[in-house]
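One structure below.
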Amino acid sequence: MSRQPLKRRKSALCLDFSTDFIRLPSFHLTHWEKTKETDWIAVLEPHSACHLCPICLGASTNHARPGRRILRHRFVPSWGTVWVSVPVYRQRCASCMLTWTVEWNGIPPRGSVTSAFQEMAVDMCRCRDLLSVAKQLSVAYSTLERWYYQLAPQRLAQPKEHVAPEVVCLDEFALQKGHKYGVNLMDAQTGHIWQVTEGRSREQVRNALQQWPFRKAPHVVVTDLAPGMAETVRHVWKHTLVVADKFHVIQLFSKALEATRKRTHARGTHRRGRHEQRLLHTIPDKLKPEELQELKIWLAEDPHLERLYFALQDIRTVYAVETQEAGEEALQKWIVDHLYSPTPAVRSIAKTIVQWQEPIQNYFSFRVTNAKIEGTHNKVKVIKRRAYGYRNLERFKIRIRLECKPAT
């Protein structure tokens, strides 16, 4: 085999690769030029075409002196910046004498970067702060910020393109801790946040539910034990079932255990306090035999702490049942056993569970919790910390929706 055909095939493959890499359908690559050690220029020429007058649709001719524009097109870490050189065509209509500049697909009429470079820059901003991306691309921070918040809203999932979620998680989070709070509405199945609204009062939550982007209301809403949330959901979506989040029910016991522990065992080192917390909050099956013995001796010294601890284990047993009927029966038995407990903390928790009995029982029918949205709130904190806070809350909402799980 001669070397000449092989060399031609390699050249053709290189040209095909370069064309796919550049991805500007209106042009074809003629050759590459290198200006610096890290900069490459792809010299492009448009495909032959007849440019019609935008007014009379008549034929036109190129009458101006030839010119070219050089624009940043891509950034490759191993190469550097890839530029493209494209011609500037000034056309004149022979009929109406209109003169205009031909606009190419993917090449903005003004500016020094292509649309592909802007899209790439926005992609690089995912899970990163804008300042570090701006430094990497050698772009002004304000310019990158403008690109991001112009293109990012176009990437948000559109409700009309997706099916309305049947189960929704509703929870509040801090926009500015101690000052401003908001409410998230998340699809419990996909984990995508469909709505972020400011405020957590009943009126603000009601307005948020009324602005739900889907026509169909969800069948189930999972919420915490805040009375305003559940009552507002029932008021706005009358046929929607409310499920009390399992972990917030467990949290009632955790807080009561911690308060009782501090009252009775306030002395000791921080390390000892952490050890006692682990003994009280860990499931007994996961403790070592010596730890179980230590816990047994400790609980025997404090009857109130002992009743509270075993009430927690009993509610965990209730949540462990597999069927709806058995769950409702176990919950009713727990209420009967602990509603008149000698320990005030247990009685208080039992009264709260009586008030939320129906939403708690709904858990056994749907088996959904707010675990996904609580995990998303940790990601929201990372987004906020990474940017050192947000002055513009609308931009913060865009970041939250884009960086959390996509709608699938």
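The values are calculated or read from the model by the stated rules, or taken from the named source; none is laboratory data. All values derive from a computational prediction rather than experimental measurement. Quick reminder, even Gly has a Cβ in these numbers, built from the backbone with ideal geometry, and neighbours come from all protein chains shown. Heads up: the accessible areas ignore ligands, DNA and RNA and are worked out on the full protein's heavy atoms, side chains in. Shrake-Rupley method; radii C 1.70, N 1.55, O 1.52, S 1.80 Å.
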Scanning the stretch 293-345 for residues that are of a type in the set (A, V, I, L, M), in contact with a Ser or Thr (Cβ under 8 Å, 6 or more places away or on another chain) and over 27 Å from His265 (Cβ atoms) gives Ala330
Being in contact with a Cys (Cβ under 6 Å, 6 or more places away or on another chain) and either at pLDDT below 95 or within 30 Å of Arg367 (Cβ to Cβ) (or both) narrows Val222, Val236 down to just Val222
Which is in a helix (DSSP H, G or I), without any contact (Cβ under 8 Å) to a residue 40 or more places away in the chain and of a type in the set (D, E, K, R), of Lys372, Lys397, Lys333?
-> Lys333
Within the stretch 204-226, is there a residue that is assigned to a helix (DSSP H, G or I) and under 22 Å from Ala350 (Cβ atoms)?
-> no
Tally of residues being touching a residue at least 60 places away in the same chain (Cβ under 8 Å) and either of a type outside the set (Val, Ile, Thr) or more than 27 Å from Glu161 (Cβ to Cβ) (or both) across the stretch 228-243 | 4
So, in the stretch 256-287, of the ones that are under 24 Å from Arg367 (Cα atoms) and open to solvent by 50 Å² or more (accessible area, probe 1.4 Å), which residue ends up farthest from the chain's Cα centre (by Cα)?
-> Asp285
Among the candidates Trp79, Trp100, residue that is out of contact with any helix residue (DSSP H, G or I) (no Cβ under 6 Å at 6 or more places or on another chain), farther than 30 Å from Ile383 by Cβ and surrounded by 15 or more Cβ atoms within 10 Å (Cβ to Cβ) | Trp100
In the stretch 60-71, which residues are open to solvent by 30 Å² or more (accessible area, probe 1.4 Å) and either part of a strand (DSSP E or B) or touching a His at 6+ places or on another chain (Cβ under 7 Å) (or both)?
-> Thr61, Asn62, Arg68, Arg69, Ile70
Considering each of Asp224, Asp187 in turn, give the residue that is within 19 Å of Thr376 (Cα to Cα), in contact (Cβ under 8 Å) with a residue 24 or more places away in the chain and touching a Leu at 6+ places or on another chain (Cβ under 9 Å).
-> Asp224
Counting only strands (runs of 3 or more DSSP E) wholly inside the stretch 72-126, the ones holding at least 1 residues that are within 22 Å of Arg146 (Cα to Cα) are 80-88
Name the residues in the stretch 239-260 that are at pLDDT below 95, more than 17 Å from Ile283 (Cα to Cα) and touching a helix residue (DSSP H, G or I) at 6+ places or on another chain (Cβ under 7 Å), would you?
-> Thr260
Can you confirm whether the stretch 245-253 contains a residue that is polar (S, T, N, Q), open to solvent by less than 40 Å² (accessible area, probe 1.4 Å) and within 22 Å of Glu374 (Cα to Cα)?
-> no
Identify all residues within the stretch 391-408 that are within 17 Å of Gln150 (Cβ to Cβ), more than 10 Å from the chain's Cα centre (by Cα) and open to solvent by less than 80 Å² (accessible area, probe 1.4 Å); write none if there are none.
-> Asn392, Arg395, Phe396
Cβ-Cβ under 9 Å pairs, at least 6 apart or on other chains, the stretch 149-162 side under 12 Å from Phe214 (Cβ atoms), far side in a helix (DSSP H, G or I) and modelled with pLDDT of 90 or more | Ala157/Arg401
Here are some residues: Ala42, Ala49. Which one is modelled with pLDDT under 85 and over 30 Å from Pro153 (Cα atoms)?
-> Ala49
Collect the residues in the stretch 179-193 that are open to solvent by 60 Å² or more (accessible area, probe 1.4 Å) and in a loop (DSSP other than H, G, I, E, B), keeping them in residue-number order.
-> His179, Gln189
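Right, Gly182: modelled with pLDDT under 95, over 23 Å from Arg307 (Cα atoms), touching an Asp or Glu at 6+ places or on another chain (Cβ under 8 Å) and not acidic (Asp, Glu) or not?
It is true that Gly182 is modelled with pLDDT under 95, over 23 Å from Arg307 (Cα atoms), touching an Asp or Glu at 6+ places or on another chain (Cβ under 8 Å) and not acidic (Asp, Glu).
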Given the conditions (1) among the aromatic types (Phe, Trp, Tyr); (2) under 30 Å from Val222 (Cβ atoms); (3) surrounded by 17 or more Cβ atoms within 10 Å (Cβ to Cβ), every one holds for Trp147 apart from (2)
Only one of Glu322, Glu329, Glu301 is modelled with pLDDT of 95 or more and open to solvent by 80 Å² or more (accessible area, probe 1.4 Å); which?
-> Glu329
Which one of these does Ala157 not meet: (1) in a loop (DSSP other than H, G, I, E, B); (2) under 20 Å from Phe247 (Cβ atoms)?
-> (2)
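Residue by residue, here is whether (1) touching a Pro at 6+ places or on another chain (Cβ under 8 Å); (2) not charged (D, E, K, R) holds:
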residue: Arg110; (1), (2): no, no
residue: Asp123; (1), (2): no, no
residue: Leu137; (1), (2): no, yes
residue: Leu156; (1), (2): no, yes
residue: Ala164; (1), (2): yes, yes
residue: Tyr181; (1), (2): no, yes
residue: Val221; (1), (2): no, yes
